[in-house]
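Input: a single structure, listed below in structure tokens.
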Amino acid sequence: MKNIARIISVSSAAVLGMASLLSQNTATPSDAWALTDGLGRKARDYSVAGPKKDKFVGMFYWTWHQMDERDDIDVINISKVISEHPEAMKNYNHPAWGGDKRPDTYFWGQSIFGYYRTTDPWVLRKHAELLADAGIDVVFFDCTNGSYTWSESYNKLMEVWDQAQKDGVNVPKVAFLLPFAASSDTNASLRKLYANVYGAGRYRNLWFYWDGKPLIMAWPDKLDTAGTDQEIRDFFTFRPCKADYRSVIQNTWAWLETMPIHGFWYNKDGPEQAPVSVAQNARKASNGLACAFSLPSTFGRSYTSKGWDKRENSYLYGANFQEQWDRAIDVIKPRLIFVTGWNEYVSGMYTAADGWNDPLSFADQFDWEHSRDAEPNAEWGDNGDVYYSQLVDNVRRFKGMDEPAEPSEAITIEIGQPGQWDNVTARYKAYRGNTFHRNHRGRYSSYYVNFTGRNDIAGAQVAHDKDNVYFRVETAEALTPSSDKNWMQLFIDTDRDKTTGWHGYDYVINRTSPSSAEVVVEKCVNNSWQWENAGTGKYAVAGNVLEIAVKRRTLSLDNGIDFEFKWNDNMQDEGNIMDFYVNGDTAPGGRFNYVYTAAGESQSGIDAPYSDTALSVRTVGSNLEIESEKPFRVITPAGTPVASCRHSATVTVPAPGLYIVTSAHRSVKVSVK
């Protein structure tokens, strides 16, 4: 009997094509979205990251989760085994390792999407969006073992990502990493890929180019110099990859190194590439070279070259990952950073007879601490996405960001009336085409279905005037009845403070089903999934469009508007923030939030110091001395970011003039002479 992992089935929306103002097939600018993880770490915004640079980030990606496996063997999670049976690490034949149904590979943990196969379209679409939102430019498929290229997986991935690109997702491009030496296996893989993908011209829109040609990380040295082999030599930009974690080999790139990491393939502009990894299966006793990750003192997630992070649950904070990012960005300054990795998860179990260590060894992955995947996982509760958030922040830091839109001017909307939103500039795009259902075999005995995709959110708008805030959301097809459970919920973080509200969300609309004329607005109680009635708002539904009008005072927005928000349809696990990654549809995805800021709503006089119990601002020369109990931002009246700080700080402004300091519900306009 297969172990079926099921999620509640809900009927999908009726199929009805409609004209669309927002749902165009263009890339979604995730740079404009806010992100704060469960540890309270905020991904930087434009005011800190600065403008876009000519930089790239690649992600090591595993397509090998397609192996032919018995479906009467269960997945075995190493972290769970050693938690429940610590003695098993001393006994290769302990029954916890599977007995006569021992799997070929073991998992350090479980992805938030389960123990999936990389032929599952539902998962591949999720990956396309997550990696795009993180700013990843290219994924490198691990084809370093023999001549395996895992064609079933890469073909399905390119099919799904091609459609995602058509749906407006700025999907990463693809490239292949082949064996770490010139060999017959390398030649075989090159010939297969050229015949089946590149020479055939398949999915050209997904190829990653470097120096004007498709990039492949491979050694061409043993190819022939005539015929098809010469075509291959001429077709690609080759960047061979070194295997070990320490040596600096000229004219190679690297996939993983221990500290200090290096730059690779130097030219007149400096190094092309540097590797950054979550953790490394190495230790001082192995001189920094590869060893079994299950050995003592290996360089896990909490390791740094200065010692281990000693905080409780230190594996969550990514000290190892951050140290490598810091060196790559601040010291090496390459054009491309190669990140290891996304979704490897597995290791074989080995002994001394296999060249490893007795009584048993796990090579590349082991447990929560000794593993190197950044994909959100199902192991760590509300913190399952902390490495993803850390990735987003560092990609923004390395690559810079697109400049945000200007703050929005006031406009009054008559909801339900045509043409009202035509001149509203605050528009938020979302990915359409991602609510198809899941029904696919996972690894070993696991099987996954998810029928929760319902209303496919395609875009949103926000407006305000002196009395009201207006919301508009559009779906790809006609909206389902408003009586549906968890129908089109709107979560609002009015003060942009994650210490208040449910994961920062102070208000929710539509958690309680609306009446025929009004939506229910609820306010968070006790900073948890507890809500009390805060009032009502008006709404109108027409086909695939929902409009809402709420009094500013109902949302405690009397004293300025600078809030974060997100739409969600068909949440299943109420009160679980990680549900935003998995069920129904969420815009923007995961922990990302849209941001809406109103222009010109000052709360103090110009030229005068401003002070109250929560915010104090005064000018000293060209500086603003700001005392604040909560995060604040400094912007120009045109909305150009100047600074973003988490608490009290002195901010040096670039020139004399007017500046706006915003914190919680307060906006303070000051003049710097």
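Observations, loosely collected:
- Sub-6 Å Cβ pairs linking a first residue in region 295-318 that is on the phi > 0 side of the Ramachandran plot to a second residue that is open to solvent by 40 Å² or more (accessible area, probe 1.4 Å) and in a loop (DSSP other than H, G, I, E, B), at least 6 apart or interchain, are SER297/ARG283, ordered by first then second residue.
- Residue in region 389-406 that is more than 24 Å from the chain's Cα centre (by Cα), closer than 25 Å to ASN170 by Cβ, among the β-branched types (Val, Ile, Thr) and open to solvent by less than 10 Å² (accessible area, probe 1.4 Å) present: no
- Some residue of region 452-460 being in contact with a helix residue (DSSP H, G or I) (Cβ under 7 Å, 6 or more places away or on another chain) and closer than 29 Å to GLY381 by Cβ: no
- Matching residues, region 54-79, being free of Cβ contacts under 8 Å to residues at least 60 places away in the same chain, open to solvent by less than 30 Å² (accessible area, probe 1.4 Å) and of a type outside the set (Val, Ile, Thr): ASN77
- In region 347-386, the residues that are open to solvent by 10 Å² or more (accessible area, probe 1.4 Å), among the hydrophobic types (A, V, I, L, M, F, W, C) and farther than 21 Å from ARG102 by Cα: TRP368, ALA378, TRP380
- Selection of region 183-210 for residues being of a type in the set (A, V, I, L, M, F, W, C), part of a loop (DSSP other than H, G, I, E, B) and surrounded by fewer than 16 Cβ atoms within 10 Å (Cβ to Cβ) yields only ALA200.
- Residue that is least open to solvent (accessible area, probe 1.4 Å), among those in region 310-338 that are more than 24 Å from the chain's Cα centre (by Cα) and not β-branched (Val, Ile, Thr): ARG311
- On the stretch given as region 221-237, residues that are of a type outside the set (A, V, I, L, M, F, W, C) and touching a helix residue (DSSP H, G or I) at 6+ places or on another chain (Cβ under 8 Å) total 6.
- Annotation note: Cβ proximity below 6 Å between a residue of region 484-509 that is in contact (Cβ under 8 Å) with a residue 12 or more places away in the chain and of a type in the set (Lys, Arg) and a residue that is assigned to a strand (DSSP E or B) and open to solvent by less than 10 Å² (accessible area, probe 1.4 Å) (sequence gap 6+ or interchain) occurs for ARG496/GLU564.
- Index of the failed condition, LYS192 passing every other in (1) touching a residue at least 12 places away in the same chain (Cβ under 8 Å); (2) farther than 28 Å from SER151 by Cα: (2)
- Residue in region 8-31 that is of a type in the set (Gly, Ala, Ser) and at pLDDT 95 or above present: no
- Residue in region 128-180 that is farthest from PHE592 (Cα to Cα), counting only those that are hydrophobic (A, V, I, L, M, F, W, C) and assigned to a loop (DSSP other than H, G, I, E, B): PHE180
- Against the conditions (1) touching a strand residue (DSSP E or B) at 6+ places or on another chain (Cβ under 8 Å); (2) touching a residue at least 60 places away in the same chain (Cβ under 8 Å), GLU152 satisfies every one except (1).
- When residues of region 539-562 are limited to those that are among the hydrophobic types (A, V, I, L, M, F, W, C) and in contact with a strand residue (DSSP E or B) (Cβ under 6 Å, 6 or more places away or on another chain), the one farthest from ARG427 (Cα to Cα): LEU555
- Out of ARG441, ARG432, sole residue that is in contact with a Ser or Thr (Cβ under 6 Å, 6 or more places away or on another chain), modelled with pLDDT of 95 or more, open to solvent by 30 Å² or more (accessible area, probe 1.4 Å) and not hydrophobic (A, V, I, L, M, F, W, C): ARG432
- The set of residues in region 409-450 being part of a loop (DSSP other than H, G, I, E, B) and within 23 Å of TRP161 (Cβ to Cβ) consists of ALA430, TYR431, ARG432, GLY433, ASN434, THR435, PHE436, HIS437, GLY442, ARG443.
- Residues (touching a residue at least 24 places away in the same chain (Cβ under 8 Å), over 30 Å from LYS268 (Cβ atoms) and part of a loop (DSSP other than H, G, I, E, B)) located in region 329-357: GLY341, TRP342, ASN343, GLU344, TYR345, GLY348, THR351, TRP356, ASN357
- Taking every residue in region 554-570 that is under 23 Å from PRO481 (Cβ atoms) and pairing it with any residue that is among the charged types (D, E, K, R), at least 6 positions away or on another chain, the pairs with Cβ-Cβ distances below 6 Å are ASP569/ARG454; ASP569/ASP585; ASN570/ARG454.
- Of all the criteria given as (1) open to solvent by 60 Å² or more (accessible area, probe 1.4 Å); (2) in contact with a Phe, Trp or Tyr (Cβ under 9 Å, 6 or more places away or on another chain), the one not satisfied by VAL48 is (2).
- The residue that is farthest from GLY384 (Cα to Cα), among those in region 90-118 that are open to solvent by 40 Å² or more (accessible area, probe 1.4 Å) and outside any loop (DSSP other than H, G, I, E, B), is ASP100.
- Restricting attention to region 574-600, the residues that are more than 21 Å from GLY504 (Cβ to Cβ) and either at pLDDT below 80 or of a type in the set (Lys, Arg) (or both) total 1.
- Test: ALA132 is within 17 Å of the chain's Cα centre (by Cα), at pLDDT 95 or above and hydrophobic (A, V, I, L, M, F, W, C): yes
- Residue count, region 235-278 (criterion: open to solvent by 50 Å² or more (accessible area, probe 1.4 Å), part of a strand (DSSP E or B) and among the hydrophobic types (A, V, I, L, M, F, W, C)): 1
- Selection of region 288-306 for residues being modelled with pLDDT of 95 or more, over 19 Å from TYR387 (Cα atoms) and surrounded by fewer than 18 Cβ atoms within 10 Å (Cβ to Cβ) yields PRO296, SER297, SER305, LYS306.
- All strands (runs of 3 or more DSSP E) inside region 476-573 with 1 or more residues being open to solvent by 40 Å² or more (accessible area, probe 1.4 Å) and within 30 Å of HIS647 (Cα to Cα): 518-524, 531-542, 545-551
The values are calculated or read from the model by the stated rules, or taken from the named source; none is laboratory data. All values reported here derive from a predicted model rather than from experimental measurement. FYI the Cβ positions are ideal-geometry reconstructions off the backbone, even for glycines, and counts take in every protein chain you see. Accessible surface is based on the protein model in full, side chains and every heavy atom, while ligands, DNA and RNA are left aside. Shrake-Rupley method; radii C 1.70, N 1.55, O 1.52, S 1.80 Å.
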